[in-house]
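Structure first, then comments.
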Amino acid sequence: MNTNKPRLISGDRNYSSSSLRVWLLLNEFEIPFDETIIKLFQSDSVEKIAMFSPSLQLPVLIHDSIKVWDSLAICEYINETFLEGLAWPQHAKKRAAARSIANEIHADFQHFKKDWPMNCQLKAKVNVSAVIEKEIARLDAIIYCCRNNFGDGGAYLFGQFSIVDCLLAPMAIALNAYGAILCQQSKAYIQTLLSNPNLEWWLEQAESEITKELKVIDWEQTA
Ligand SMILES: N[C@@H](CCC(=O)N[C@@H](CS)C(=O)NCC(=O)O)C(=O)O
């Protein structure tokens with residue numbers, strides 16, 4: 001196992017849903033890492049992000065001479081470099097389902113992600129358009145089916161905590177904040193995620209945006 005510390009370049013706690021996914025994985029598996037946080041939606045955000053990210057998006061992980069961007073690709077990298085595969089279910093059938101769901105969550109739900117974005121400080125009832133309703137129904141069905149068919153051995157989507165829970169964490173925050181109507185199994189699962197100590201810690205930081213070990217960056221030297 002490679003023990004050199006990776007460095008995560010992430011967006012701020014309140015808004016950066018994709019950064020949360022990776023940050024949660026690193027913390028859940030207690031992988032030491034350094035972190036540089038770039039505040040989103042500032043006049044110089046794009047310029048700062050461009051110093052690290054070829055896609056002009058966060059998060060980015062830098063490890064030795066390797067740079068990985070896109071939250072799912074980073075989770076995969078962390079899984080194979082530091083965790084010997086432990087961040088996916090160990091049973092092949094469960095793992096195939098978990099990977100399918102993770103990719104679906106990553107690629108789809110465009111209306112949900114746009115109109116119901118993660119905003120950790122917000123709690124509001126909002127109107128549910130027909131397209132959002134359809135996407136929430138699909139999310140609800142995913143959670144119901146996975147918990148019923150694959151959820152043995154724990155309260156996470158596939159029992160034990162896995163990458164798919166990291167991908168769902170920002171959506172769980174949004175579903176809860178915007179008051180989505182869900183089945184009992186989905187509500188219980190969302191509650192499991194929201195009471196995960198690391199996620200609680202992220203939410204506390206988002207509340208004040210006072211981040212742990214937030215670095216004051218010398219932008220001239222850091223790129
Ligand atoms: N596919 C990307 C999406 C990343 C993404 O949308 N990142 C947002 C923050 S959550 C971002 O960097 N936005 C740049 C900006 O707003 O300037 C991933 O999952 O990593």
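Summary table below
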quantity: Candidate set from the range 50-100 (those that are assigned to a helix (DSSP H, G or I) and within 9 Å of the ligand (Cβ to nearest atom)); member that is farthest from Arg21 (Cα to Cα); calculated: Ala73
quantity: Matching residues, the range 26-79, being touching a strand residue (DSSP E or B) at 6+ places or on another chain (Cβ under 6 Å) and of a type in the set (Asp, Glu); calculated: Asp34, Glu35
quantity: Test: Ala141 is under 20 Å from Cys183 (Cβ atoms), surrounded by fewer than 18 Cβ atoms within 10 Å (Cβ to Cβ), more than 16 Å from the ligand (Cβ to nearest atom) and of a type in the set (A, V, I, L, M, F, W, C); calculated: yes
quantity: All positions within the range 1-22 that are crowded, with 16+ Cβ neighbours inside 10 Å, under 19 Å from Gly85 (Cβ atoms) and of a type in the set (Val, Ile, Thr); calculated: Val22
quantity: Subset of the range 50-102 [crowded, with 19+ Cβ neighbours inside 10 Å, among the polar types (S, T, N, Q) and without any contact (Cβ under 8 Å) to a residue 24 or more places away in the chain]; calculated: none
quantity: When residues of the range 23-49 are limited to those that are closer than 25 Å to Lys123 by Cβ and near the ligand (Cβ under 8 Å from one of its atoms), the one surrounded by the fewest Cβ atoms within 10 Å (Cβ to Cβ); calculated: Phe41
quantity: Selection within the range 103-126 - closer than 13 Å to Ile181 by Cβ and loosely packed, with under 13 Cβ neighbours inside 10 Å; calculated: Lys125
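A short reminder: the numbers here are calculations on the coordinates, not readings from a lab. Quantities reported herein were computed from a predicted structural model and do not represent experimental measurements. Reconstructed Cβ throughout: ideal geometry from the backbone, glycine too, with neighbour counts over all protein chains shown.
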